[in-house]
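The values are calculated or read from the model by the stated rules, or taken from the named source; none is laboratory data. Note that the coordinates shown come from a computational prediction; the quantities given were computed from them, not determined experimentally. Ideal geometry is used to build each Cβ from the backbone, glycine not excepted, and the neighbour counts take in all protein chains shown. Keep in mind that these areas ignore ligands, DNA and RNA; they rest on the heavy atoms of the full protein, side chains included. Shrake-Rupley method; radii C 1.70, N 1.55, O 1.52, S 1.80 Å.
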Amino acid sequence: LRNYQIALAEPVFWKSLANTALYTMVVVPVGISIALFLSALIFPLRTSAQNFYKGAFYLPGVVSAVVVSMIWLWMFDSAHGLLNYLLPLATGGMMKPIAWLGDSHIALPSLMFMAVAGGGGGAVILYLAAMGGIPATLYEAARIDGAGPWTEFRRITLPLLKPTTLYLAIMGTIGSFQVFTSIYMMTRGGPNYATTTVVYRIYETAFEFLKLGRASAMALILALIIIGV
């Protein structure tokens, strides 16, 4: 009980909870929305084209999270990174290089951008499979009644994709609450705890501070939060 008391009284733990919640609230809905948009664009294509895009979008999910983090670490590099090279070119020199992972106000949004940019392949696959299971007769009846593409999507496709969307939301929330690899590889929770998440704080408490009991209390608190969600 003392471990729970210390954990809940620790400002950094509450900061890590807030960072994790913010990360989840941005990455999950934005990621699902992008996956749905991409799936709606891919689904009307012929089968060979669909297969190509399925593989293209799913490929980043096959690569090790450590390798992906190393690639993005280079892209975010303040001195020699790809993003800071392209930024002045895209803005005509109006914007100077940004410390993507060195600024406490930008570091967490940068990690959110990374997660959204490369993590939607599985959602695209599931959405395309779900769209393929919708009876074509529903769309034919809608066209007879004069419905356009947007009306078909809003009145037929979107409602019938609710089970898939719910599944993606639940699994995405669980995964986001457990985000660790990118934090460990890229920021180590900094700067000034701006990117410290709950799982990274548990790791730090257990394996750097050697407070295993306190880390276990934090882990159980996280488990209860995820179960509640």
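Miscellaneous remarks
- Restricting R214, R201 to residues that are crowded, with 17+ Cβ neighbours inside 10 Å and either closer than 15 Å to A21 by Cβ or modelled with pLDDT under 95 (or both) narrows the list to R201.
- Check on G61, loosely packed, with under 15 Cβ neighbours inside 10 Å and either part of a helix (DSSP H, G or I) or more than 15 Å from the chain's Cα centre (by Cα) (or both): no
- Residue ID - nearest to the chain's Cα centre (by Cα), chosen from residues in region 102-115 that are among the hydrophobic types (A, V, I, L, M, F, W, C) and open to solvent by less than 30 Å² (accessible area, probe 1.4 Å): A115
A quick yes/no check of all residues on (1) of a type outside the set (K, R); (2) modelled with pLDDT under 95; (3) exposed (fewer than 15 other Cβ atoms within 10 Å of the Cβ):
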position	(1), (2), (3)
P191	yes, yes, no
T197	yes, no, no
T205	yes, no, no
L210	yes, no, yes
L220	yes, no, yes
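- Here I170, I183 are screened, and the one residue that is within 20 Å of F13 (Cα to Cα), aliphatic (A, V, I, L, M) and in a helix (DSSP H, G or I) is I183.
- Scanning region 105-125 for residues that are closer than 14 Å to V62 by Cβ and part of a loop (DSSP other than H, G, I, E, B) gives G119, G120.
- Residue that is more than 26 Å from A35 (Cβ to Cβ) and either open to solvent by 30 Å² or more (accessible area, probe 1.4 Å) or not basic (K, R) (or both), where the choices are A136, A141: A141
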